[in-house]
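Each remark here refers to the structure printed beneath this line.
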Protein chains: 2
Amino acid sequence: MRVRLEDVARAASVSPKTVSRVLNDEANVSDATRKRVLAAMEAMDYRPHPSARSLAGNRSFLVAMLYDNNDNPASTYLAEIQDGVLEACDEHRYSMMVRPLRMRGDDFIRRLDALISDHHPDGVVLTPPITDYAPLLKRLRERNVPYASVSPMQRNGVIGVTMDEQAAARAIVEHLLALGHRRVAHVIGIADHGASRWRLAGYREAMAAAGLPEDPELVVQGAFTFSSGVAAARELFALKQRPTAVFAANDDMATGVMWAAGEYGLKVPHDLSVCGFDDTPLARQLWPALTTIQQPSREMGKIAATQLLNLLRGRGPGQLVQVPFSLQIRDSTARIP
Amino acid sequence: MRVRLEDVARAASVSPKTVSRVLNDEANVSDATRKRVLAAMEAMDYRPHPSARSLAGNRSFLVAMLYDNNDNPASTYLAEIQDGVLEACDEHRYSMMVRPLRMRGDDFIRRLDALISDHHPDGVVLTPPITDYAPLLKRLRERNVPYASVSPMQRNGVIGVTMDEQAAARAIVEHLLALGHRRVAHVIGIADHGASRWRLAGYREAMAAAGLPEDPELVVQGAFTFSSGVAAARELFALKQRPTAVFAANDDMATGVMWAAGEYGLKVPHDLSVCGFDDTPLARQLWPALTTIQQPSREMGKIAATQLLNLLRGRGPGQLVQVPFSLQIRDSTARIP
DNA sequence: CAGCAAATTGACAGCGCTGTCATCTGTGTC
DNA sequence: GACACAGATGACAGCGCTGTCAATTTGCTG
């Protein structure tokens, strides 16, 4: 038979309400009582019934992680974030649910509403590119659902976790420049993603700092996918004066660039240096292995969720934490011959 | 203010209990009444409160998807299954939670118990290799938690989804044999995973059918990881008589084999044909692109969850559905020179 | 058209917990 | 030692739904 709060109360000779107080870490319980109750809970292996708690207390102990499965088809990046979010939720004894929320189409607000009404999450964790949709953020605020973001574009007032993507992009381009490259191309990600803008900004910053005038030919649009990387590379290789290095805004596109290089008979890194961004497992497994930017995705998920949970549990306002990146230099970039 | 079941009842001029009956698709409600209630629900945009439903009805409308994050670090395979499971749950208006359950160590039963006591899932979906741990299955049965499996090893009485892995492995090895290869090596996956056994069995079956005696040198142990593929390949390349083709039990290991081939100066597919299993996104992006077996992971997740949900909703006993595989012939395999 | 079984509907309690508010206890003050 | 006051504890109702079982209506039979 199930052990209920009432049973614990009887065992500890206190009222159910006092057990409830201990369970919820409330103030105004004497140390002696608290200890006694905790001991009883432990001894009886008491597990509060989540539905009862949620019904009576008008909160769900549920955090929803939202992702856009449209532009993010089952990426490892998301899986790692999810893992981190889950870990944080576990530590705070919250449950987590993952929800795809396709941003394409104009009914995503309706779908967000349905999600909230159906599941009553106490808060949500937003992952890119959902972090950047103003109407969605507005709706969450209207419905009074706290949220934390992983790498938000707008940074004022948002809590969660961020990385200095612009500095990272700048660092990787500087690496190419240090190898002697001058015609360095950039493949941009999906235009309206914050990540794309920052990475482009970092590229420009590095080029400008090296005194290289911007050559529009060298900056081509991609869409974060392998095939868009292939297409972008073909454009670049068709130029009269080919680039000697390509910085793609993510690893998938960089892989596409390498693929296209093979197609054109260009050897990487001898004829062309290629680098990416994200450090997917793929990056290490390519031949040659890809120079890229590593971000601690799992950690980032955990931090974002922790900020949200601190807020939910009334432990201060929550912050926007910045995590460091790391430049992974591998075999796809080399000194210009 | 929240619309409650009672409000719907008043609007439809019936008792709350009748609304409840309609909500739960119970029998013994006249068509006229049912229609009236449904109309009222629709008009008022009624959303039942999950916690109240779960508390009163003693069920959670929750399906937990279990995975082993030890041997499966954030793979796309799992992400796709998860997506399919989620879709099925949505259709049946169940929620889904994902839970890692590390099988290493001997306290996983305790952790399973905690999971059940803490969250009360109505059922669980098991993914490989969790499908194969007998003590875990036993415990689920003891605790009366129904489960469905994705690719279970034991097939008697288990519901869920399966693929004929042995036939798939045989098909891919037959493809190599048809290209004229005779010294075909195999890199085995983690020893106690069902998948490894079947793929090995399929390899043997194809070799035997071609009248090739088994050469123990050509069968080496791997662990489903990239680096284990590299290590296995090094072993194979060190043989006096090198294989001309390698069938690795998954794509990650196949990628490792290709990587090692690069290291040894072997050109794929000219000097060595390589093929894998799973058709991860990686496979298409390698240079050359990898010949492999595709399984419809997303679909498989959906089917497994659907079988479980049919069972939970009292719609028959649930089945073990077999899905087809497809051999993806790409550029990493070629006729022997 | 009485008589009965089956189908339909409703009354009511209670799932396991927490919010509200009342009560009690211990400490310090003069 | 009487009094004030903050801290600790408890009584009780009720969160929104469903299970149980009783009441009512319907349809059918002879």
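The values are calculated or read from the model by the stated rules, or taken from the named source; none is laboratory data. What you are looking at is a predicted structure, and each value in this text was computed from that prediction instead of being measured. Glycine also receives a Cβ, built like all others from the backbone with ideal geometry; neighbour counts cover every protein chain displayed. Just so you know, the surface numbers come from the protein's heavy atoms only, side chains and all, with ligands and any DNA or RNA stripped out. Shrake-Rupley method; radii C 1.70, N 1.55, O 1.52, S 1.80 Å.
Worth a mention:
- Residue under evaluation B:M96, criteria (1) over 29 Å from A:R2 (Cβ atoms); (2) part of a strand (DSSP E or B), criterion not met: (1)
- A single entry from B:S54, B:S60 fulfils the requirement of being in contact with a helix residue (DSSP H, G or I) (Cβ under 8 Å, 6 or more places away or on another chain), assigned to a helix (DSSP H, G or I), within 8 Å of chain A (Cβ to nearest Cβ) and within 16 Å of DNA strand D (Cβ to nearest atom): B:S54.
- Cβ pairs under 6 Å, 6+ apart, first in region B:104-126 and within 14 Å of another protein chain (Cβ to nearest Cβ), second among the hydroxyl-bearing types (S, T, Y): B:H120/B:S60; B:D122/B:S60
- Qualifying residue in region A:19-34 (condition: assigned to a helix (DSSP H, G or I), more than 30 Å from A:A114 (Cα to Cα) and basic (K, R)): yes
- Complete set of residues in region A:271-304 that are open to solvent by less than 10 Å² (accessible area, probe 1.4 Å), outside any loop (DSSP other than H, G, I, E, B) and within 14 Å of chain B (Cβ to nearest Cβ): A:V274, A:A283, A:S297, A:M300, A:G301
- Residue, most open to solvent (accessible area, probe 1.4 Å), within region B:1-14, restricted to residues that are within 18 Å of B:H49 (Cα to Cα), in contact with a helix residue (DSSP H, G or I) (Cβ under 7 Å, 6 or more places away or on another chain) and within 12 Å of DNA strand C (Cβ to nearest atom): B:E6
- Residues of region B:44-64 that are hydrophobic (A, V, I, L, M, F, W, C), more than 18 Å from A:H49 (Cβ to Cβ) and in contact with a Leu (Cβ under 8 Å, 6 or more places away or on another chain): B:V63 alone.
- Meets criteria (out of contact with any helix residue (DSSP H, G or I) (no Cβ under 6 Å at 6 or more places or on another chain), closer than 30 Å to A:R298 by Cα and within 9 Å of DNA strand C (Cβ to nearest atom)) for A:P100: no
- Scanning region B:127-144 for residues that are over 24 Å from B:Y77 (Cβ atoms) and away from chain A (no Cβ under 14 Å) turns up B:P135, B:K138, B:R139, B:R141, B:E142.
- In summary, A:A254 fulfils each of the numbered conditions (1) open to solvent by 30 Å² or more (accessible area, probe 1.4 Å); (2) in the same structural domain as A:H175 (by TED's automatic domain parsing); (3) touching a residue at least 60 places away in the same chain (Cβ under 8 Å); (4) more than 25 Å from A:R155 (Cα to Cα) with the single exception of condition (1).
- Scanning region B:244-254 for any residue that is over 12 Å from A:Q285 (Cβ atoms), over 27 Å from the mean Cα position of the chain (by Cα) and within 14 Å of chain A (Cβ to nearest Cβ) turns up nothing.
- Unique residue being among the β-branched types (V, I, T) and open to solvent by 20 Å² or more (accessible area, probe 1.4 Å) when the list is A:V268, A:V230: A:V268
- Scanning region A:20-38 for residues that are farther than 20 Å from B:R110 by Cβ and aliphatic (A, V, I, L, M), we see that the one that is farthest from DNA strand D (Cβ to nearest atom) is A:L23.
- Filter result for the condition that a residue is within 16 Å of DNA strand C (Cβ to nearest atom), open to solvent by 20 Å² or more (accessible area, probe 1.4 Å) and facing another protein chain (nearest Cβ under 9 Å), over A:S75, A:S95: A:S95
- Hits in region B:30-50 - residues which are crowded, with 18+ Cβ neighbours inside 10 Å and within 8 Å of DNA strand C (Cβ to nearest atom): none
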